[in-house]
């Protein structure tokens with residue numbers, strides 16, 4: 001029982017930490033980058049450029065009709081994120097790597113979901129990495145949380161196809 005309470009507390013802290021960091025960085029980006037164009041941080045390796053994204057990763061689905069975007073970018077993710085958090089908290093034995101990974105994915109997902117609900121379906125993106133013409137898409141802290149969470153899930157015993165009760 002104590003381990004389940006600790007796991008639930010860890011999930012709550014990690015999800016809230018990721019949401020808070022995401023929302024704080026987006027607030028700063030909206031306030032300080034919206035009218036500045038491209039800001040070089042580390043040469044052209046890491047740049048900041050504010051955009052508002054109606055779609056998913058790399059603008060995927062931005063041209064879908066609004067009801068379709070609402071379904072695919074708000075309703076389905078909300079159900080999936082809630083299910084992910086409940087599953088991680090309720091599973092009897094789960095690796096800590098999996099719990100942390102799921103918490104990061106959920107935190108990032110909720111961060112972007114908050115944007116969509118509060119900003120008329122838009123998500124604030126502002127970070128970009130690359131060398132010369134080889135660049136990532138423009139992303140935000142929530143996207144980074146999701147990426148880190150996915151990597152942790154893949155590194156967990158569950159992601160490697162081992163039983164969920166394997167020790168990390």
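The values are calculated or read from the model by the stated rules, or taken from the named source; none is laboratory data. Since the structure is predicted, the reported quantities are computational estimates derived from the model, not experimental observations. Ideal geometry is used to build each Cβ from the backbone, glycine not excepted, and the neighbour counts take in all protein chains shown.
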message: Pairs needed: first member in region 1-22, in a helix (DSSP H, G or I); second member anywhere, modelled with pLDDT of 90 or more and surrounded by fewer than 17 Cβ atoms within 10 Å (Cβ to Cβ); C-beta distance under 6 Å; at least 6 residues apart or different chains.
response: none
Members of region 127-141 found to be in a loop (DSSP other than H, G, I, E, B) and buried (at least 16 other Cβ atoms within 10 Å of the Cβ), listed by number: 137, 138, 140
query: What about residue 29, is it farther than 23 Å from residue 151 by Cβ, assigned to a helix (DSSP H, G or I) and touching a residue at least 60 places away in the same chain (Cβ under 8 Å)?
result: yes
query: Restricting the search to region 53-83, which residues are in contact (Cβ under 8 Å) with a residue 60 or more places away in the chain and touching a helix residue (DSSP H, G or I) at 6+ places or on another chain (Cβ under 9 Å)?
result: 53, 54, 57
field: Answer residue from region 1-38, given it is more than 18 Å from the chain's Cα centre (by Cα) and buried (at least 17 other Cβ atoms within 10 Å of the Cβ) and is farthest from residue 49 (Cα to Cα) among those
entry: 7
query: Within region 34-58, restricting attention to residues that are out of contact with any strand residue (DSSP E or B) (no Cβ under 7 Å at 6 or more places or on another chain), at pLDDT below 90 and not in a loop (DSSP other than H, G, I, E, B), which residue is nearest to residue 73 (Cα to Cα)?
result: 57
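Residues checked against (1) surrounded by 17 or more Cβ atoms within 10 Å (Cβ to Cβ); (2) under 22 Å from residue 48 (Cβ atoms):
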| residue | (1), (2) |
| --- | --- |
| 64 | no, no |
| 73 | yes, no |
| 76 | no, no |
| 83 | no, no |
| 90 | no, no |
| 103 | yes, no |
| 117 | no, no |
| 143 | yes, yes |
| 156 | yes, no |
- line: Every listed condition ((1) touching a helix residue (DSSP H, G or I) at 6+ places or on another chain (Cβ under 8 Å); (2) at pLDDT 80 or above) holds for residue 89 save (2)
